[in-house]
1. So which of R100, R67, R3, R106 is basic (K, R) and over 12 Å from the mean Cα position of the chain (by Cα)?
2. For residues that are farther than 9 Å from V16 by Cα and out of contact with any Lys or Arg (no Cβ under 9 Å at 6 or more places or on another chain), scanning just region 35-50, find the one that is surrounded by the most Cβ atoms within 10 Å (Cβ to Cβ).
3. With the condition kept exactly as written, say whether any residue in region 4-22 is closer than 18 Å to G111 by Cα, touching a His at 6+ places or on another chain (Cβ under 7 Å) and surrounded by fewer than 18 Cβ atoms within 10 Å (Cβ to Cβ).
4. Test Y101 against the criterion of being closer than 29 Å to E8 by Cβ and aromatic (F, W, Y), and give yes or no.
5. When you check V49 against the structure, is it part of a helix (DSSP H, G or I) and aliphatic (A, V, I, L, M), yes or no?
6. Which ones in region 86-95 are farther than 15 Å from A47 by Cβ and in a loop (DSSP other than H, G, I, E, B)?
7. Out of I69, I60, report the one residue that is under 19 Å from E13 (Cβ atoms), in contact (Cβ under 8 Å) with a residue 24 or more places away in the chain and not polar (S, T, N, Q).
8. Quick one: P56 ticks every box in (1) under 24 Å from T7 (Cα atoms); (2) in contact with a strand residue (DSSP E or B) (Cβ under 8 Å, 6 or more places away or on another chain) bar one, so which box is it?
Amino acid sequence: MVRVYNTETGKMEILVATDTPQRTAPPRWGLTPDERFVPGPGHAEQAIVDYVNDNPKYQIVEGGGNRNICQKGESETGDCLAALQGEGLRTGGNYNPGTRYTSGLRHFWWG
């Protein structure tokens with residue numbers, strides 16, 4: 001889940017993604033009118049970065065996930081840590097040990 005700033009409307013919006021190949025949000029998520037599902041191949045973080053790059057009116061403000069952010073070599077679908085940092089985002093938060101994705105990081109923010 002990521003909060004973005006819409007430079008055209010001046011409002012904050014919420015983008016939600018998943019690491020499954022779904023094209024629409026699962027009905028059980030119950031997204032509000034202020035939340036938008038972002039489909040994409042691979043991991044949720046990469047889907048969000050790709051969406052924001054394709055829609056330059058959005059700027060990522062902050063976000064996080066329920067799994068650690070993957071690093072180079074940990075996933076066949078990419079390097080989400082580098083993708084987020086490449087957008088000028090800082091990463092951190094409480095360390096969360098992981099077995100598959102070992103960055104221990106789940107939060108990111110602008111600044």
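1. Values: R67 fails: over 12 Å from the mean Cα position of the chain (by Cα); R3 fails: over 12 Å from the mean Cα position of the chain (by Cα); R106 fails: over 12 Å from the mean Cα position of the chain (by Cα).
Result of the check over R100, R67, R3, R106: R100.
2. Among those residues, the one meeting the criterion is E45.
3. Within region 4-22, not a single residue is closer than 18 Å to G111 by Cα, touching a His at 6+ places or on another chain (Cβ under 7 Å) and surrounded by fewer than 18 Cβ atoms within 10 Å (Cβ to Cβ).
4. It is false that Y101 is closer than 29 Å to E8 by Cβ and aromatic (F, W, Y).
5. It is true that V49 is part of a helix (DSSP H, G or I) and aliphatic (A, V, I, L, M).
6. G88, G93, N94, Y95
7. I60
8. (2)
The values are calculated or read from the model by the stated rules, or taken from the named source; none is laboratory data. Since we're looking at a predicted model, the values are computed, not measured. With ideal geometry, Cβ positions are generated from the backbone for all residues, glycine too; neighbour counts draw on all protein chains shown.
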